[in-house]
1. Using the Karplus curve 6.51 cos²θ - 1.76 cosθ + 1.60 with θ = phi - 60°, what ³J(HN,Hα) values do you get for each residue of region 99-115, in whole Hz, with x for Gly and Pro?
2. What whole-number value in Å² describes the accessible area per residue of region 162-279 for a 1.4 Å probe?
3. In whole Å, what are the extents of region 1-109 along the principal axes defined by its C-alpha atoms, from largest to smallest?
4. R0 = 60 Å: FRET efficiency of Ala312 with Ala208, Cβ-based, nearest 0.05?
5. Rounded to the nearest 0.05, what FRET efficiency do Glu242 and Arg299 have when you use their Cβ-Cβ distance and R0 = 25 Å?
6. Report the accessible area of Thr129, computed with a 1.4 Å probe over the heavy atoms of all protein chains in place, in Å² rounded to the nearest 10.
7. Once phi is turned into ³J(HN,Hα) by the Karplus curve 6.51 cos²θ - 1.76 cosθ + 1.60 with θ = phi - 60°, what whole-Hz value does each residue of region 70-81 show in order, with x for glycine and proline?
8. Under a crude label model (7 Å from the Cα following the beta-carbon direction), how far is Leu375 from Asp83 in nanometres?
Amino acid sequence: MDVASINTRLGRVASADSRELDRVCEEVAAELIDADVEPPFRVPSADFVTDPWLICADRYWRRRLLHQPTVEVAACCARWLHDHTDPPVRPSARPDIIEKWSLGYAFITKDTVESRHDLTLATGRIVETFQGSTDICYFATLYHAGKLRANFWFDELHQFLESSLLAVAAGQHRDDPLFTGLRAFAAFGSRTITTSHALELLGTAWSAAPRPRAVVDVCLNALWAAPPFPGQGEQLRRHSAEAVAEYPDDHLFRFRLASGQRMCGDYTDALATIDTALRLLPAIGARISHELLQGQYLRERATILEGLDRAAWSSDQQTRWRDQDTANRDLRRTLQTSAIRAVELVTVFTAAIAFAVGSLQITLTGTLPLRDRALLLVLLGAGLLLFALLTVAGAWIITGRHHSDPRTTPPDPGGTQR
C-alpha cells in the first residue's frame, strides 16, 4: 500500500469532527487488514481522541485481535508498538498505549481464553521469536491477565501472575504498579487469600508515583468485584472519590463511586453520581463498548433506586412500629388500670355486703350485751377491711404495678415491653 496516501488521508481528517475521524480510521484499518499489512506509519502521541494515526492503529489491532485473539498476536502488537512510537518526542506515550491496548483488547476478546497448554506453547514461541524481550512479554502477559480479570477468574489470574512462564518472562515489569494492581484484583476475589493481603497489595499499587489511569481502574475494579468483606463499601467510596478528584470527566470512576456510595447506604448521592456517569459516557466510537457500559450503569442506577425505595419503606415501617408500640403500651396500661379498678370495686362491694349482712345478724339476733355486739362489729369490719386491702394488693402485685409504671417505662430495644 502507498504509505504517502495513507498519511495524507489520515492527516486530512486530523481536524475533522469525531465521527468523520472515526469513519476514515476504520476504513484505513479495514484496508490494511484486507491487504494483510501492518500499519506503515508511526504514532506520534497517546491522544486517543484527536490523533488519527493512533486511532487508526488502534482500530487495526482491534480488528486483528478480534479475528485472532491469542497472546502471539498480542506480542506482535507489542512489537509493532515498540517499533512505531517515538519515545524521544513523547516518553510517556508508549506506556499509556500499552496499558490501554492490552487491557482493552483483553476485554473485547474475553470469551476466548487460551488453555494452559496452548499458553505454554505460545510463550515458548514468543520468547524465541522476540528474543526474550521483557517489554513484549509484559504486553502479552497483561493481555492474557486482562481476559482472566474480565471473566472474574480470580484464582486462575493469581496462578497465572505468580507462576506462568509468560509472566516470569516479563522480568522487571513484575514490579510495575499495574502488575501489582492485577495481583490485588486476584487476591480480593480468591477464597484462599486473606483480605488483609489483598488490601496490602492494593495499597502498594495505589500509592505508586506516578500512578497511571490503568492502575486506578484495576484497583477500583478489584474493590468493586470482590466478595463482600468488612469496610468494602467505605474502601470503594474513598478510593473512587480520590479517582474522581484526579479524573473528574471519567465516567467509569463516577460509576465506581456510585457503587461505593450505594454500598454505604448513601442512595441520594449515589443516584446523582450515576446520573453524572451516564451523562459523561460518550456516545461515539465503538458502539459495543458504549452499549455494554450504558447497560451496566443503568443496572446500577436501578439498584440504587431500589435502595432508595427500601430506605423509604424502612423509615415508614419504623415510624409505624413506633406508633404501634406506643398504642400497645397505652392499651396495656388501660387494661391494667381497668382490671385493677374492677377488682377494687368488686372487693369493696363484696366487703360492704358482707359487713351489712354480718352486722344485721349481730344486731338483730342473739342475747349479747351492746358492748359485745359493738366489739363484734368492729372485728368484722376490720377483718373485711383487711380482706379488701389484701385483695387489692394482690391484684397490684399480679399486674406488676409494684415494679414500674407503664406510663414512664421506655420500650426495650427490640420494640416490645417486657
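1. Taking θ as phi minus 60°, the curve returns 5, 5, 5, 4, 6, x, 5, 5, 5, 7, 10, 5, 8, 10, 6, 6, 5 Hz for region 99-115.
2. Details: 4900 Å² over 118 residues.
For region 162-279, the per-residue accessible area is 42 Å².
3. 34, 32, 24
4. Details: r = 42 Å, r/R0 = 0.71.
E between Ala312 and Ala208, to the nearest 0.05, is 0.90.
5. The pair Glu242/Arg299 has a calculated efficiency of 0.50.
6. Accessible area of Thr129: about 90 Å².
7. Taking θ as phi minus 60°, the curve returns 10, 5, 5, 5, 4, 5, 4, 4, 5, 5, 4, 4 Hz for region 70-81.
8. A separation of 13.5 nm, rounded to one decimal place.
The values are calculated or read from the model by the stated rules, or taken from the named source; none is laboratory data. This is a predicted model, so every value here is computed, not measured. Virtual Cβ from ideal backbone geometry, glycine too; neighbours counted across all protein chains shown. Please note that ligands, DNA and RNA were not included when accessible areas were found on the heavy atoms of the full protein model with its side chains. Shrake-Rupley method; radii C 1.70, N 1.55, O 1.52, S 1.80 Å.
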